[in-house]
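First the structure, in the form of structure tokens, and then the observations on it.
The values are calculated or read from the model by the stated rules, or taken from the named source; none is laboratory data. The structure displayed is predicted, hence computed values, not measured ones. A quick note on method: Cβ atoms are made from the backbone with ideal geometry, for glycine too, and the neighbour counts reach across all protein chains shown.
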């Protein structure tokens, strides 16, 4: 199938834009590769330190030229998605031994849960945790004793942080090993209804708690299609997962078999063998374009419009939100998974899942077919499904038809003709909107604004009965420099209530929204942020705005707004407590959302 002209032109544009930083990055990786297996350069004392705790693997590490696998883990048992990783090091060590290799836990990285910190001060550390994870990955691998690495992570900032860190060691092969989603509990739609009832005061906290515990009930990723599961999609589209491994549930035979194969596969790709495939060769411009296509086709999380920029820059690739917008124009929406529909990711996987979608997109010329992956040359590998047979783990051709057209559809009959995300720009700045769950009649809102400086002010105004007419709610001083850019997830229930009452309502913010947000049009990540004196800092109550996801307009309609003096805010309450005082240097150094909101600057 001929590659779509827009896919081709956007890719060429990215390659040209990235020529200088990408060349410098690849030169660094080539130099690291040229040094050869790292352990050979360590002193005897250094090697003895590295092997002292390796138990039965000590002699093999010291005397044989077998591959040594570094495990970087985000395990903790407070996150349901990461709790299964407790068992993985033992599985990975045994798998490495089965092929003559060894495996060691190189280090751990922090992993926080946005679901726990929503609406709390801890959420102001969430975005910054991505860059901490990247740095912790660098520390873990800095001992320079590994020939390949596996990365254990799932949730919102963890996978992007691990990818950034992995690219600093891009001369090593890397396989990302997921934990899988928890089994389905109560429906996400039912959970959302109870949240709205609680926001209205119709049910008490006991009913809310019962509902939440029925939804989040066991180990594994949350089953809605938020940032965590969008990460898993990306790792398949970009070739860092084993095919079909993203949505296999935890603590099953198939999950364990895929985990073990991840270790064997990573070692097989090292420079010690004949199939050397470093991470820097996998994560090229085409791979990132494939990831963006997957984001659009599945209606994935808006958080990836920040993370993908930062992930790409770590490998010398410069993405722009314009790339996302142009790709969205030609990539149809092929999936409806909550909040874009009623199904969860388990239903999506059963209906054909990522393998089916990749096959459809490849056949339609909407993906680069010739990328390198951990499964081999070509994305076609990712149309296959893993199975257990008498001979162990094997892959078979996946379904070529949707097994439930209410969840996944073919290119010939998409849910909508273009992607699930929209770029907005105008005299208010630049932002993005997830439109895959926004009904067409809600995609254009022109209304006066109410301006707030945090989400608690919005909730207080709602409870006081002040938000009754058509309104665009502006929440500013929520950008990365102001307070770490927390998600404003707790606004979702009340804004859905307002929309349900027949009000025209939208959100405009320089902060983030939940990766699972959807039904209310939300122009988020607005740049420049208020603390940088962006136009959003000039708005006053009653100013008229137009938020238009169809035309991509984000405009102030009231005359003279930008002639005013920009508003300032007292941010002293954001500077300390719950660890925030440790991140003052991050707030001072962080870049804008449209460059990835990273503290690293240009690599």
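Here are the numbers:
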| quantity | calculated |
| --- | --- |
| Residue match in the range 343-356 (condition: within 17 Å of the chain's Cα centre (by Cα), modelled with pLDDT under 95 and crowded, with 24+ Cβ neighbours inside 10 Å) | yes |
| Residue match in the range 505-526 (condition: without any contact (Cβ under 8 Å) to a residue 24 or more places away in the chain and under 21 Å from residue 117 (Cα atoms)) | no |
| Among the candidates 426, 376, residue that is in the same structural domain as residue 514 (by TED's automatic domain parsing), out of contact with any helix residue (DSSP H, G or I) (no Cβ under 8 Å at 6 or more places or on another chain) and surrounded by fewer than 23 Cβ atoms within 10 Å (Cβ to Cβ) | 426 |
| Selection from the range 488-534 of residues that are surrounded by 24 or more Cβ atoms within 10 Å (Cβ to Cβ), within 16 Å of residue 457 (Cα to Cα) and modelled with pLDDT under 90 | 488, 491, 492 |
| Selection count where residues are over 24 Å from the mean Cα position of the chain (by Cα) and outside any helix (DSSP H, G or I), scope the range 249-276 | 9 |
| Any hit, the range 317-327, residues being out of contact with any strand residue (DSSP E or B) (no Cβ under 6 Å at 6 or more places or on another chain) and over 20 Å from residue 15 (Cα atoms) | no |
| Pick from the range 549-586, criterion touching a strand residue (DSSP E or B) at 6+ places or on another chain (Cβ under 8 Å) and outside any loop (DSSP other than H, G, I, E, B), ranking: surrounded by the fewest Cβ atoms within 10 Å (Cβ to Cβ) | 562 |
| Qualifying residue in the range 572-580 (condition: under 25 Å from residue 342 (Cβ atoms) and without any contact (Cβ under 8 Å) to a residue 40 or more places away in the chain) | no |
| Failed condition for residue 151, given (1) more than 17 Å from the chain's Cα centre (by Cα); (2) in the same structural domain as residue 236 (by TED's automatic domain parsing) | (1) |
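One line per residue, one yes/no per condition, for (1) part of a helix (DSSP H, G or I); (2) within 26 Å of residue 192 (Cα to Cα); (3) out of contact with any strand residue (DSSP E or B) (no Cβ under 9 Å at 6 or more places or on another chain):
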| site | (1), (2), (3) |
| --- | --- |
| 342 | no, yes, yes |
| 357 | yes, no, no |
| 387 | no, no, no |
| 402 | no, no, no |
| 406 | no, yes, yes |
